[in-house]
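Data first, discussion second: the structure below is written as structure tokens.
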Amino acid sequence: VQYMNNDIVKNYTKSVNVVVLGGGDGEPVDGMNGPKGLVELLGRPMIEWVVDALREAQTVNNIAIVIPDASAISERLKEKVDYVVESDGGFSDNCIAGINAIRDGLHVLGVSADVPAITAEAVDDFVVQTLQAGVDFSYPVIHKEDMEAQFPGSVRTYIKIKDGNVTGGNFLLGSAEISDQVKDIFQKLFETRKSPLKMARVVGIKFAAKFASGTLDVHDVEEKLSEFCEAPCAAIFTKYASLGADVDKPIDLEITRRVLEQRK
């Protein structure tokens, strides 16, 4: 289903650059692979599915992929992107390495390579919503009902907020300047994302308490992000569950395979 009016999308043609993070440990999904982005799905590495969707998106300008070893990817994939960046650092270091390759004043969309079910429409919808909001940084939020309807059988980590049970997406959109100044704090958030106690030390006790009690709302999240970034930020609700359908486990790979086969 296309939720964003196509005439509106045309007004934002080639409005963002993209950095695709192709690293990460592929062991939980496929022990025969190194980087998770190179795990194969229906005859192609997951990162190529992601790049193909991005190439179809009207809002996307240049694409850079960040990979520990450029020799591990095919010439076919290299021809589909504008930059191939070798970097094997932490999450934030890899993001900045990709951003540095394509700095030209445009906002930068960061995408992980393990969301092979994303579509061009999903990308355009998220980008346009963010740019229309006029913020310097955004993050997608997906309702549990949408995730379960579009990826039946999927097991995700949800948090309870006033707006219902939600999960986050694997996209980040912001200005290159914002990315520079929040590099360290976002590395800490990434490292503590699976430990509420450790994350509480980063986000503050008050925010963590509201999170734990389910009384947090989306405005609390936006305020905290804005505090970190020292700039306006937004949590973008999206109907496109594919933005959060990352492949972390073998069952995720099977569910995503079914979704892609049904599309074909």
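Quick notes on this structure:
- Paramagnetic label zone (point 7 Å from Cα along Cα-to-C-beta, residue 103; backbone N under 11 Å) in the stretch 51-91: none
- The stretch 1-155, Rg to Rh (Cα coordinates; Rh as Kirkwood inverse mean 1/r): 0.96
- Projected label points at residue 88 and residue 218, each 7 Å from Cα along the beta carbon direction, are separated by 4.1 nanometres.
- Where both bridge residues fall in the chain, DSSP classifies roughly 45% of the beta bridges as antiparallel.
- For the stretch 122-138, Karplus couplings with θ = phi - 60° (6.51, -1.76, 1.60), whole Hz, Gly/Pro x: 5, 4, 4, 4, 5, 5, 5, 4, 5, 5, 5, 6, x, 9, 8, 7, 8
- Relative packing of peptides 121-129, 78-86, 52-60 - highest average C-beta neighbours within 10 Å first: 121-129, 52-60, 78-86
- Inter-probe distance in nm under a simple model that places probes 7 Å from Cα toward Cβ, at residue 155 and residue 249: 0.3
- Calculated diffusion of the stretch 84-131, Stokes-Einstein form, Kirkwood radius summed over Cα pairs, 20 °C and 1.002 mPa s, µm²/s: 172
- Fraction in percent of alpha-carbon pairs per bin - 5 Å, the chain: 1, 6, 13, 18, 20, 19, 14, 7, 2, 0, 0
- Based on DSSP H segments of at least four residues, each scored -39500 (n - 2.57), the chain has a per-residue ellipticity at 222 nm of -12000 deg cm²/dmol.
- Most fluctuating residue given options 77, 38, 109, as computed from a GNM of the chain linking Cα atoms under 10 Å: 77
Where a number appears in this text, it was derived from the coordinates with a stated rule and is not lab data. Just so it is clear, the structure is predicted and the values come from calculations on it, not from any experiment. Here the Cβ is made from the backbone with ideal geometry for all residues, glycine too, and neighbour counts use every protein chain on show.
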